[in-house]
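Chemist: This is the structure I want to talk about, given as structure tokens.
The values are calculated or read from the model by the stated rules, or taken from the named source; none is laboratory data. This structure is a prediction, so every number in the text was calculated from the model and none was measured. Positions of Cβ are generated from backbone atoms using ideal geometry, with glycine treated the same way; all protein chains shown enter the neighbour counts. Just the protein is used for accessible areas: all its heavy atoms, side chains included, with ligands, DNA and RNA removed. Shrake-Rupley method; radii C 1.70, N 1.55, O 1.52, S 1.80 Å.
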Amino acid sequence: MRGVLYLVMLCLLWPGVSRAEHRALLIGVTDYAPEVTALAGPLAGPVHDVALMVDIFAGAGVAAQNMTVLSDGQDAQNRPTRANILRALDELARTATPDDHITLYLAGHGAQVPVAIDTTEPDGLDEVFLPTDFEILPGGGFRNMIRDDEIGARVDQMIAAGADVWLIADTCHSGSLRRSVGNRACREHSELSGVGNMPIVRFS
């Protein structure tokens, strides 16, 4: 987590950020279905990490109304479900304006799955983020994951509006949310993996 804190401070101190409207979407998922936890391993940190992120952003002067927090233990509208996460991303994309500074922080399980349609993915795999309502279906299918393309399309809308966007993904296979593998912890539980590398990517 220390590395993430350094990266967040980089976001907040980036030249020009102090003059911009700063908004953050902070997502932490620890509560998965038992069959997901059995395959991917338990996670304890994300919900606490999100609370720490709130304190960091608040301490840097980011207004509470500019932070959207989706984490376990909240009411139905603020749980980190697929629908709530996409709704929050859509709202940021809809309301982004020139020179806005938007930070997206996702902490939870990540995975790789076959692409839904033919894309530019050279390995034929999409990187996905697993919300709290992610399901493993009988026969091996999956439901309620969020594909990198879905995140990317909304980030593209924010950029088109003139916003700067920082994406911090504390998940496995997060390099293409970006692409990153290579961490031993990511390889221990097959494709559905635990905490991995934490890339920070700036889009503008």
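Chemist: Can you name every residue in the range 122-143 that is touching a strand residue (DSSP E or B) at 6+ places or on another chain (Cβ under 8 Å), open to solvent by 30 Å² or more (accessible area, probe 1.4 Å) and under 17 Å from V36 (Cβ atoms)?
Modeler: Passing the criteria: E135, I136, L137, F142, R143.
Chemist: Mind checking whether some residue in the range 80-102 is open to solvent by 50 Å² or more (accessible area, probe 1.4 Å), modelled with pLDDT under 90, under 20 Å from R147 (Cβ atoms) and more than 18 Å from the chain's Cα centre (by Cα)?
Modeler: no
Chemist: Only one of (1) at pLDDT below 80; (2) under 19 Å from the mean Cα position of the chain (by Cα) is not met by A153, so which one is it?
Modeler: Unmet condition: (1).
Chemist: Tell me, yes or no, whether the range 51-64 has at least one residue that is out of contact with any Phe, Trp or Tyr (no Cβ under 7 Å at 6 or more places or on another chain), closer than 17 Å to M145 by Cα and in contact (Cβ under 8 Å) with a residue 40 or more places away in the chain.
Modeler: No - not one qualifying residue is present in the range 51-64.
Chemist: Could you pull out the residue among D126, D55, D133 that is farther than 15 Å from R23 by Cβ, in a strand (DSSP E or B) and among the acidic types (D, E)?
Modeler: D126
Chemist: Further question on the same structure: Taking the conditions exactly as written (modelled with pLDDT under 90, under 17 Å from P80 (Cβ atoms) and surrounded by 17 or more Cβ atoms within 10 Å (Cβ to Cβ)), does A40 satisfy them or not?
Modeler: Here the answer is yes, as A40 does meet what is asked.
Chemist: Considering every residue within the range 113-120, establish whether at least one is open to solvent by 60 Å² or more (accessible area, probe 1.4 Å) and assigned to a helix (DSSP H, G or I).
Modeler: Residues of the range 113-120 open to solvent by 60 Å² or more (accessible area, probe 1.4 Å): 114, 116-118, 120.
In the following step, the residues that additionally are assigned to a helix (DSSP H, G or I) were identified as none.
No, the range 113-120 contains no residue that is open to solvent by 60 Å² or more (accessible area, probe 1.4 Å) and assigned to a helix (DSSP H, G or I).
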